[in-house]
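Below you'll find the structure, written out as structure tokens, and then a few comments.
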Amino acid sequence: MISEPHIFLPPVLFQIQYIFFSIPSPCFDKTHTYLPPSTTDRSSSIAEDIYPRRRDQLIAYITLEKMGEVKLIGAFARPFYFRVQWALKYKGIEFEIFEEDLTNKSPILLQYNPVYKKVPVLVHHGKPIAESLIILDYIEETWPDPPMLPEDPLERATARFWAHFVDVEFWTTMTTILIKEGEEQEKYIEPALQGLATIDQALDGKKFFGGEKIGYTDLVLGWIPYWFPVIEEVSGVKLFEPHRFPSLSAWAQNFMDLPLIYQNLPPRDEFLRYLNQTRETYKS
Ligand SMILES: N[C@@H](CCC(=O)N[C@@H](CS)C(=O)NCC(=O)O)C(=O)O
């Protein structure tokens, strides 16, 4: 388990920490520059010459210890972060969000997730929990009602199996399709189609993975209906044809019809711009 951070740096050290620049992994973070270029100037004075988002980060940093009992560290449009947001909202838990610029990670992230230095991180009573699926388990155990997972151990294992399958197999395939071109991209099309067919069969005409109500597996796979079409648009590869994957397609519609979901999504235009930037950088 990740150790609890003990050091709470004063603002001047916060500024020094900004000098560090970590190289993110391909969860699209190499070039996400939705901050204006001036904000990447790490020598600028925090007091006077600061872009609002950065000022927000500073304020969030200073007050993180004082804020409400549940905080979520995430970053724009990251699906692993959104699944945790949905889970917290599903449980009716109040929480505060702190969004990272992953091209310039804050001391908060480095201290709260020192092992992976990735988002999301849930901070509960000042204690960090990292890795989205582990966070979902923690949420389920800490706030059992309403349950996300079924009662039956076999059904619980099945829900976790699909979550694992999609994170390990399918997500990687899709991110590769997004950032590659030509032959390299083509190699991943068949695995992606097979992945879609596998998920379609797992659903087998059910409204949601667990039956009539959404639950754990739906929240974990919930990036598919909104993220997938944007990945297709940016990569130029069309895979998700409703007639080929009827169960998955109906599920996607059911999922997107829920206020819990459609009220909690990244704005499409900014998301599209971000994925385009990402593709441009990685493919070169
Ligand atoms: N297995 C992790 C994956 C988290 C992950 O890859 N996060 C990405 C954003 S989607 C990240 O923080 N990347 C920053 C980096 O790799 O430096 C989870 O489920 O939480």
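Quick note: the coordinates plus some simple rules give every number you see, no bench work behind them. All values reported here derive from a predicted model rather than from experimental measurement. Glycine also receives a Cβ, built like all others from the backbone with ideal geometry; neighbour counts cover every protein chain displayed.
If you build the Cα gyration tensor of the range 57-185 and take the root of 5 times each eigenvalue, what three semi-axes come out, in whole angstrom, biggest first?
26, 23, 11
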**OP:** Could you work out the Kirkwood radius for the range 152-227, taking every pair of different alpha carbons, averaging 1/r and inverting it, reported in Å?
**Re:** 13.3 Å
Original post:
What residues from the range 209-232 fall in the zone where the backbone N is under 17 Å from a label point 7 Å along the Cα-to-C-beta line of LYS283?
Top reply: 229-232
**OP:** Sort ARG156, ARG244 so that the residue with the fewest other Cβ atoms within 10 Å of its own Cβ comes first and the one with the most comes last.
**Re:** ARG244, ARG156
**OP:** Describe numerically, in nm with one decimal, the distance between label points set 7 Å from Cα along Cα→Cβ at GLU181 and at GLU96.
**Re:** 4.5 nm
**OP:** Would you mind ranking TYR282, TYR188 so that the residue whose beta carbon has the fewest other beta carbons within 10 Å leads the list?
**Re:** TYR282, TYR188
**OP:** From the C-alpha gyration tensor of the range 127-284, pull out the three semi-axes of the equivalent ellipsoid (sqrt of 5λ each), sorted largest to smallest, in whole Å.
**Re:** 27, 18, 16
Original post:
Where nothing but the Cβ of Lys and Arg (+1) and of Asp and Glu (-1) is charged, how large is the charge dipole of the range 165-232 around its Cα centre, in debye to the nearest 20?
Top reply: 340 debye
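Hey, can you rank 204-213, 221-230, 75-84 by average C-beta count inside 10 Å, highest first? Intermediate results must be reported in sequence, preceding the final value.
Values: 204-213: 14.0, 221-230: 20.6, 75-84: 22.8.
The peptides rank, most packed first, as 75-84, 221-230, 204-213.
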